[in-house]
Every structure is written in C-alpha cells, then in structure tokens.
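Student: Starting off with a structure, shown below.
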Amino acid sequence: MKLDFPTLYLVILLNSLTLTVIWGAIVYDYRNFPAARHWLVSCVLSTLGGGLLALQGDGFNFALAASGNALVIFSFGLVWVGVRRFYGKDGGLFTSAAVALASVVVLALVRDSSEARNVVYATAQITLVSFAMFHLAFREKQSLGTMVAALAMLAGIVGQGAEAVMNLMRIAGSLSDEGYYSVAAICLLTIIFSGVVWNFGFVLLAIDRLRSDLALLAVVDELTGVPNRRRFMENAAIEEKRARRTGRPFSILLLDLDNFKSINDSYGHAAGDASLKHFVDLAAKNLPEVATLARLGGDEFGVLLPETGAGGAGALANDLVRTFRAEGFHWKGQPVPLTASIGVAEWSGAEKSGVASVIENADTALYETKKRGRNGYSVFRSGQPGAKSPAILSVLPKS
C-alpha cells in the first residue's frame with residue numbers, strides 16, 4: 001500500500017485538530033491544570049505544522065517543510081513538557097526548542113534528499129517522545145493512563161525508528177523505493193495512531209488527577225489547607241479502633257480563637273482569614289507529626305493526639321496557649337490580639353464511650369476555659385459516675 005504525502009499531511013492535520021478541540025474543552029473547564037495547557041498548545045502547533053506541510057502538495061518547498069516540521073517537532077517537545085508539569089517538574093522548553101531548531105539546520109543541509117529529510121524528522125521526534133516516555137515509564141506509582149500513554153509512545157518510537165532505518169537503507173542503496181513504500185504507510189499510520197492513544201492516556205491521567213483533587217476538597221479545608229471535620233472524624237474513628245485494640249489512650253483538643261468575631265468586625269474578614277491561617281501555622285509548628293489538626297468550622301479547630309494521655313495533651317495545650325499569646329499577629333502593620341482557649345479530653349481503653357463522647361468532654365472543658373476568662377486550657381476529668389466535672393489544671397492569665 002502506498003500512501004502519498006499530501007494525504008498523510010491531511011490526516012495529521014485532521015487528527016491534530018480533533019485533539020485540539022478535546023484539550024481545548026478540558027482547559028476551558030479546568031483552567032488550573034498546567035499540563036493540559038501544554039498538551040493543548042502541542043496539538044495547536046501540530047495542527048498548524050500539518051497545515052503548512054499540506055500546502056506543499058506533491059512537491060517540496062523548503063520554507064513550508066522547515067517551518068511545518070519545526071512546529072510539529074516542537075509540539076512533540078511540549079508533550080514531554082506537559083508530562084513534566086503533570087508531575088510537578090519545570091524545564092524542557094529550552095531542550096525542545098533546541099531539538100526543533102537543530103532539525104531545521106540539518107534539514108537545510110540535506111534539503112535535496114527526501115530520504116535524509118525523513119531521517120531528520122524521525123530522529124527529532126523520537127528524541128522528544130523518548131524523553132516523555134521515560135518520564136512516564138519510570139514512575140513509582142503507575143496508573144492506567146500512565147501505562148497507556150507510555151506504551152503508545154513506545155509504539156510511536158518503533159514506527160519512527162522503522163521509518164528512519166528504512167530511509168537510511170534507501171540512502172545506502174540496500175532498499176528500493178518500491179520496498180520502502182510497501183511498508184512505509186504502516187509505519188506512518190502507526191505513528192499517527194500512537195499519538196491519538198497517548199493523548200487518550202493523558203485524558204485518563206487528567207481524569208485521575210481531577211478525581212483526586214475533588215476527593216481532597218471533600219476532606220480538606222480550603223482556606224487553611226488542614227483537614228476538615230469530615231477527615232477529622234474519620235481519623236478519630238480509626239484511632240478509636242486502634243485504641244480499643246491496644247488499650248492505649250488517645251486525646252482530643254478543641255481550640256477556639258478568643259474574640260474572633262471582633263477581629264472580623266474591627267479589621268475585616270480578610271484579617272479574620274489571615275488570623276486563621278496564622279493560627280494554623282503556629283499550631284502546626286508545635287504539634288507532633290502524628291497529630292491531626294483540623295478546622296471543624298468557623299474559628300473552631302480540633303487536634304487528635306494518638307497514644308497520648310491527658311497529662312501529655314495538657315502539657316501540649318499549655319505550650320500552644322503560651323505560643324499563641326507570645327507570637328504576635330499583625331494585620332497591615334497593626335498588632336492584633338490573638339489568643340486561644342482549649343479544652344482537653346482523654347479516651348482510655350477502659351471506657352465504653354466512643355469518639356463522640358470524647359469530643360463532648362473536650363467541649364465541656366473548652367466551655368470551662370471560656371467561663372474562667374479564656375486564654376487558657378482545661379482538662380476534662382470524670383467525677384462520680386454520671387457526673388461531668390472537668391478539673392482545671394491550668395488557666396493562663398491574660399497578658
């Protein structure tokens with residue numbers, strides 16, 4: 001089967017245009033997705049390059065061939081750059097541009113040989129697609145999209161490699177034009193098909209990433225970046241199961257910013273948001289790695305402390321209160337008072353009550369702290385059976 005090049009260029013053009021529409025729709029709906037933007041631009045450049053190549057018709061025009069192939073080759077580089085961006089890495093643009101420019105220079109040197117020109121095109125494309133394939137293939141965590149894209153790229157590399165080898169054989173005189181054209185169409189269609197499939201792999205990667213982002217939004221507080229109430233309760237339920245199995249206690253801290261409403265009223269909601277972020281930053285620096293800090297709602301936060309009794313949790317609460325009081329918060333150069341009230345409660349293996357009861361006890365202790373003037377902490381201790389009487393271990397006076 002012999003495939004004429006004008007038809008081939010038209011197939012490339014239509015294929016790239018189709019992929020451009022797909023990636024354009026994805027970028028339009030998900031604009032904070034840098035990898036998709038690179039893949040979109042790759043398809044756009046491939047479409048423009050295919051259009052320039054198609055303008056040659058049955059002949060050869062150096063200006064159209066050089067510019068068209070440079071765009072197509074650089075578009076392959078953007079495929080690699082997009083893969084890098086998807087995994088959070090910069091770089092690749094300069095290398096891609098250098099490969100495209102080098103191909104134009106070599107093309108100018110071998111312009112009179114169609115076989116040599118084909119070797120130049122194939123070699124440049126193989127180089128950049130190989131970079132992308134290796135970046136995908138050697139990931140610690142493989143997904144379906146990763147494997148589909150990497151295997152499709154491998155198929156494209158094989159097709160391009162066969163194309164280059166056959167043209168070298170034509171230059172050496174060991175392969176006739178008739179022998180070349182009998183299999184060249186298959187190689188070139190393999191290359192085109194591989195591009196469609198690896199873009200499908202990229203779409204699968206995009207779906208996985210967007211699904212993960214949505215799942216994360218369901219359990220993370222958007223403002224502060226810490227877990228929300230849902231994740232806090234999930235982690236607490238897991239910790240309760242562990243505690244029942246091992247008999248080791250865990251503790252929960254409930255924290256409120258003192259007079260938070262007055263910060264919003266006096267300085268504005270932007271200041272209130274900034275104070276919450278400041279509060280989270282300070283708390284995170286003083287909490288152990290195993291702790292879960294979560295925003296439960298408004299200015300209320302919770303801390304889950306695995307394998308920690310009331311004594312250790314109380315000591316940590318004491319440190320947090322002192323830190324919040326000592327570390328000043330400033331808004332537009334103005335000092336803003338920022339202190340916290342904390343309630344502490346422990347779950348022990350001997351208790352039948354669950355997480356909800358521990359949270360209720362911590363809330364009772366928090367209320368006791370506020371009743372005694374805020375800016376301190378209280379530790380809940382059960383009194384007589386059926387009674388709830390938190391013992392105040394320490395209340396730090398206001399500065």
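The values are calculated or read from the model by the stated rules, or taken from the named source; none is laboratory data. Given the structure is predicted, the values throughout are model-derived calculations rather than measurements. Positions of Cβ are backbone-derived with ideal geometry, glycine not excepted, and every protein chain shown enters the neighbour counts.
Student: Identify, by number, the condition in (1) surrounded by 15 or more Cβ atoms within 10 Å (Cβ to Cβ); (2) over 24 Å from the mean Cα position of the chain (by Cα) that residue 205 doesn't meet.
Tutor: (2)
Student: Would you pick out the residues in the stretch 176-224 that are of a type in the set (A, V, I, L, M) and under 30 Å from residue 297 (Cβ atoms)?
Tutor: 210, 214, 215, 216, 217, 218, 219, 220, 223
Student: Give the residues of the stretch 12-26 that are within 24 Å of the chain's Cα centre (by Cα) and crowded, with 19+ Cβ neighbours inside 10 Å, sorted by residue number.
Tutor: 19, 20, 23, 26, listed by residue number.
Student: Here's something else I'd like to know. Within the group 379, 355, which residue is among the β-branched types (Val, Ile, Thr) and more than 28 Å from residue 262 (Cβ to Cβ)?
Tutor: 355
Student: Considering every residue within the stretch 164-171, establish whether at least one is modelled with pLDDT under 90 and exposed (fewer than 15 other Cβ atoms within 10 Å of the Cβ).
Tutor: No; the residues of the stretch 164-171 include none that is modelled with pLDDT under 90 and exposed (fewer than 15 other Cβ atoms within 10 Å of the Cβ).
Student: Another question about this same structure. Take residue 248 and decide whether it is at pLDDT below 90, out of contact with any Cys (no Cβ under 6 Å at 6 or more places or on another chain) and not in a helix (DSSP H, G or I).
Tutor: yes
Student: Test of understanding: among 132, 63, 97, which residue is more than 16 Å from residue 195 (Cβ to Cβ), assigned to a helix (DSSP H, G or I) and in contact with a helix residue (DSSP H, G or I) (Cβ under 7 Å, 6 or more places away or on another chain)?
Tutor: Unique residue meeting the criteria: 97.
Student: Please pick out the residue among 137, 108 that is among the small types (Gly, Ala, Ser) and over 19 Å from the mean Cα position of the chain (by Cα).
Tutor: 108
Student: Cβ-Cβ under 7 Å, sequence separation 6+ or interchain: first residue in the stretch 105-123 and at pLDDT below 90, partner aromatic (Phe, Trp, Tyr). Which pairs?
Tutor: 111/62
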